[in-house]
Amino acid sequence: MKDLFEKIYRDKGPLGKWASQAEGYFVFPKLEGQISNRMKFRGKDVITWSINDYLGLANHPEIRKIDAEAGVSYGSAYPMGARMMSGHTDLHEKLQSELAEFVNKEAAYLLNFGYQGMVSTIDALVSKDDIIVYDVDAHACIIDGVRLHMGKRFTYKHNDVESLEKNLDRAVKMAEHTGGGILVISEGVFGMRGEQGRLKEIVALKKKYNFRFLVDDAHGFGTMGKTGAGTGEEQGVQDDIDVYFATFAKAMASTGAFIAADQEIIDYLKYNLRSQMFAKSLQMQLVVGARKRLEMLKTMPELKNKLWENVHALQSGLKERGFDIGTTQSSVTPVYLKGSIPEAMALVKDLRENYGIFCSIVVYPVIPKGLILLRLIPTATHTLEDVEITLNAFDAIRSRLKNGTYQRLSAAVAAAMGQ
Ligand SMILES: Cc1ncc(COP(=O)(O)O)c(C=O)c1O
């Protein structure tokens, strides 16, 4: 019989295999200093474009104050236990009502983490006779939720309504056989490439097909829509989203998440979300902090306006300079370049060390071979000067990529990686 760990000794996994070359630099980097547009990386000042603090709340003085005061009042333990047992409070309920009202739903329920919350939401909404139809580019938490499903599931091509229809046809046939219903899942904003989910076209299909619609709006909440209530608001279809999900980990600059839906659905979910029923309640410091963040999100439109000023400056600047930023329709700003993985590593090193620009890098197998994706996340804390410096740096690294500089620099990297 094999030792369970044998495979681990042999194969570290698709990302883990790069650990010795990448760790501490490309993966698990340590950004230091206060969360803002300028931080330190390995002792050097960098403009940070890799933090989802969209509205700049993370280090806002009012937020820092309320977080600190809540820490003093409640500590980090209170309340102890799961919501159902001993972890329930008035303030949890108040925050839920405020969130529900803001996203225009009857009720909301808090989740201690978005990831686990989404997994359990999917798990609780479907039983084995039901069919799930979801976007193939869905976030890992959706994929893991679907993995728990005992029944049939179909993926549709990314943001492709025709493909969704084809799969709905299949799902309907299957559901007639099983006697179940259909759950469609999309993201509001796809976090890697920035496209909005085609929510309007998806809900239009409800006229033809009988399904319920779950939207993960992690990146849309606080950034999209007139009031910041998210991508459903942006596309005018919030009422047709049956279950709306958002996390506090992005525009709210905190930890935690929530789902919002009709009262009866939330009443059901709060008794059936296993990752919430059997895990500690969201701690009070986070609840108090989330209420303040929500209030600021609602009453300080200037934060979202500043975010979008930066988004427009960055995205139009990149486009004017001939960069391929794909089909983003949100603040998430991808820049696609052509090159190998070693070239991408040399390029990012140059960007960080010589130009003081810190952004995330995505390569194969997440995107097709031969492409390099640099992902920039503008926030309300960035300045137009940050944008200008970054655009100039991108011009420079593109020239160096084209004239073969990174190919030469990457030879050592490639050798080390055995390529
Ligand atoms: C699309 C999407 N859904 C869900 C999550 C998970 O949320 P959390 O960080 O609150 O666990 C994330 C990442 O934060 C995300 O990007």
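Structure data summary
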item	result
Every residue from segment 320-352 that is in contact with a Lys or Arg (Cβ under 6 Å, 6 or more places away or on another chain) and of a type in the set (D, E, K, R)	none
Any hit, segment 299-318, residues being of a type outside the set (Gly, Ala, Ser), part of a helix (DSSP H, G or I) and closer than 17 Å to Glu98 by Cα	yes
Test for Ala124: is it open to solvent by less than 60 Å² (accessible area, probe 1.4 Å), not in a helix (DSSP H, G or I) and not hydroxyl-bearing (Ser, Thr, Tyr)	no
Residues of segment 281-321 classified as open to solvent by 80 Å² or more (accessible area, probe 1.4 Å) and not β-branched (Val, Ile, Thr), total	8
Test: residue in segment 161-173 that is under 30 Å from Pro368 (Cα atoms), open to solvent by less than 20 Å² (accessible area, probe 1.4 Å) and under 20 Å from the mean Cα position of the chain (by Cα)	no
Lone qualifier among Gly194, Gly188, Gly180 - being out of contact with any helix residue (DSSP H, G or I) (no Cβ under 6 Å at 6 or more places or on another chain), under 15 Å from Gln329 (Cα atoms) and either more than 16 Å from the ligand (Cβ to nearest atom) or open to solvent by less than 10 Å² (accessible area, probe 1.4 Å) (or both)	Gly194
Residue in segment 138-152 that is nearest to Asn112 (Cα to Cα), counting only those that are away from the ligand (no atom under 15 Å from the Cβ) and crowded, with 18+ Cβ neighbours inside 10 Å	His149
Phe358 vs. criteria closer than 30 Å to Asn59 by Cα and either in contact (Cβ under 8 Å) with a residue 24 or more places away in the chain or within 22 Å of the chain's Cα centre (by Cα) (or both)	yes
Residue in segment 68-90 that is least open to solvent (accessible area, probe 1.4 Å), counting only those that are more than 23 Å from Leu269 (Cβ to Cβ) and not in a loop (DSSP other than H, G, I, E, B)	Ala70
Criterion (within 28 Å of Ser163 (Cβ to Cβ) and either open to solvent by less than 20 Å² (accessible area, probe 1.4 Å) or without any contact (Cβ under 8 Å) to a residue 24 or more places away in the chain (or both)) met by exactly one of Gly220, Gly236	Gly220
Residues within segment 347-367 that are open to solvent by 30 Å² or more (accessible area, probe 1.4 Å), within 21 Å of Asn37 (Cβ to Cβ) and in contact with a helix residue (DSSP H, G or I) (Cβ under 7 Å, 6 or more places away or on another chain), tallied	2
Complete set of residues in segment 252-273 that are within 11 Å of the ligand (Cβ to nearest atom), among the hydrophobic types (A, V, I, L, M, F, W, C) and over 19 Å from Arg83 (Cα atoms)	Met252
Hey, Lys226 open to solvent by 40 Å² or more (accessible area, probe 1.4 Å), away from the ligand (no atom under 16 Å from the Cβ), closer than 24 Å to His312 by Cβ and without any contact (Cβ under 8 Å) to a residue 24 or more places away in the chain or not	yes
Every residue from segment 100-149 that is under 24 Å from Met192 (Cβ atoms), touching a strand residue (DSSP E or B) at 6+ places or on another chain (Cβ under 9 Å) and among the β-branched types (Val, Ile, Thr)	Val103, Thr121, Ile122, Ile132, Val133, Val136, Ile142, Ile143, Val146
Filtered residues of segment 316-361 (kept if farther than 14 Å from Val387 by Cα and of a type in the set (D, E, K, R))	Asp324, Lys338, Glu343, Lys349, Asp350, Arg352, Glu353
For Tyr244: the one exception among (1) part of a loop (DSSP other than H, G, I, E, B); (2) of a type outside the set (Val, Ile, Thr); (3) open to solvent by less than 10 Å² (accessible area, probe 1.4 Å)	(1)
The lone exception for Ile35 - which of (1) within 16 Å of the ligand (Cβ to nearest atom); (2) in a helix (DSSP H, G or I); (3) open to solvent by 40 Å² or more (accessible area, probe 1.4 Å) it fails	(2)
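The values are calculated or read from the model by the stated rules, or taken from the named source; none is laboratory data. The structure displayed is predicted, hence computed values, not measured ones. Neighbour counts run over all protein chains shown; Cβ positions are idealised from the backbone, glycine included. Side chains are part of the model used for accessible areas, which takes the heavy atoms of the whole protein and leaves out ligands, DNA and RNA. Shrake-Rupley method; radii C 1.70, N 1.55, O 1.52, S 1.80 Å.
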